[in-house]
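Visitor: Provided herewith is a single structure, encoded as C-alpha cells, for subsequent inquiry.
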Amino acid sequence: MVRTADRAADTPRRPQERPGSGTRHPRLDQTVERRSAAVRLGEDRGRDPRTPRRISSANQRLKTLGRSKCKIGTTSDLGTRLPKIYNGSSDPLELMATYPGGEDLERALHAWFDSLRKHLEWFYFFDVEPKPLVDRAVEVIREQRLEWKSKEQRKKEIVQAARSTRKAEQHLRLLGSEILRIQDLGQRVHAEAVRVLAWDFTPRTEEDGALADRVSQENVYLLDLLPDHLGRLLDDLKRSITSAVRAGVLSTTDARASSGLDEGTVEQIMRKPQAPNTGPWELIARWRAPLNSTDPLGA
C-alpha cells in the first residue's frame, strides 16, 4: 500500500497567462491570488500587513490529500513495481505497508473501501490516517475469511461446479448401470449352471461328459469372479455418493437418484454395517453358496 507524502513547500499558484492583458477566468481563477496592481512612483510598495493574504484553496486540498491518499494494489515483485509507481506520480510517494494475500486480499480491500475509491486503485481517506483502518480491515477479512470475487471469477466457479456436477452424475450413472448388468449376468449364469449341470444330468457319451466338464468349469469360474466384481462396484458406488455429497457437488437425494438404482437398493448399499441378506448382498451370498458346499451348483 503506497500513499502520497506531504510536500515540503507549495508556493501559491499564479494566474495562468491568457491572451490579453489582465485576463482572468471567472471560475478557475476566482481562488487564485491576484497580481499586485501597478504602484505609482513614490507610493509605498510594501503590502499592508493587516490585509490577510489569500492562499490558493487548491494548495490546501493538495496537502490534505498527501496525508490520506493511498494506493491499494498487488505485485509479485515489490522492488520493480515501486520505482514505476514513483516515476509515474507527480506527487512524492512512500510505502506505507505490505500484506501477504495477493489478488484475493486486494479484491477484498477494494470492496471494503469502495465508498472511498476515487480512481482505480486510489482511495481518499480525507483527514483520517489510513493505515490503522487498513490494518483492521485485513484482520477482519482474515479472521472471518471474507471473500469478494469478481463477476468473471464467480462465473468461472459456477462453470467448474456445473462441470463437476455433470462428471459426478455421469460416474454414478455408469456405476449404477454396471451394477445392474453384473446382477443380470450373474443371475443368468447361476440359472444356466443349475439347469445344465444338475446332479440328475447323466452324460450318455464321452462328448456329453466333456461338454459337462467344460460347462461346469466355465460356470463355476464365472460364479467365482462375479461376486467379487459386484462387491467392488457396490463399494465404489458407496464411496462415490459419499464423496459427491461431502464436496457439495450433489445433494444426497440427487446423488442417490443419479445411480439409476431404486431407492431401496441404494439404501441397502449405503447401510452400515452391510446386511448380507438384502439386496445385491443377498445375490452375492447366493452365488457363492455353491462354491462353499459339496454340491458345486447348489441345485
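Visitor: Under a point spin-label approximation (7 Å from Cα along Cα-to-Cβ), what is the MET96-GLN187 distance to one decimal in nm?
Guide: About 7.4 nm, to one decimal.
Visitor: Please list, ordered by chain and number, the residues whose modelled amide H lies under 5 Å from the amide H of LEU93; skip anything fewer than 5 residues away on the same chain.
Guide: Answer set, sorted by chain and number: ALA5.
Visitor: Based on the Cβ-Cβ distance from THR205 to THR242, what FRET efficiency comes out when R0 is 51 Å, to the nearest 0.05? Provide the component values of the computation, followed by the final result.
Guide: Values: r = 56 Å, r/R0 = 1.09.
That gives a FRET efficiency of 0.35.
Visitor: Exceeding 31 Å between C-alpha atoms, which entries from my cross-link table qualify? They are LYS118/LYS156; LYS69/LYS155; LYS71/LYS156.
Guide: On the way: LYS118/LYS156 29 Å; LYS69/LYS155 33 Å; LYS71/LYS156 28 Å.
As for pairs spanning more than 31 Å Cα to Cα, those are LYS69/LYS155.
Visitor: Once you have the Cα-Cα distance between ASP262 and ARG136, take 0.36 nm times their residue separation minus that, and quote the gain in nm to one decimal.
Guide: Numbers: separation 126, 0.36 × 126 = 45.36 nm, distance 5.43 nm.
Length gained between ASP262 and ARG136: 39.9 nm.
Visitor: If the viscosity is 1.306 mPa s and the temperature 10 °C, what Stokes-Einstein diffusion coefficient in µm²/s follows for the range 215-271 when Rh is the Kirkwood radius over Cα pairs? Walk me through the numbers on the way to the answer.
Guide: On the way: Rh = 12.7 Å.
Calculated translational D: 125 µm²/s.
Visitor: Would you mind checking which residues have amide H under 5 Å from PHE125's amide H? H placed 1.01 Å from N; only 5 or more apart, or other chain.
Guide: LYS69, CYS70
Each value in this text was obtained by applying a stated rule to the coordinates, not by laboratory testing. Since this is a predicted model, take the numbers as computed values, not measurements. A quick note on method: Cβ atoms are made from the backbone with ideal geometry, for glycine too, and the neighbour counts reach across all protein chains shown.
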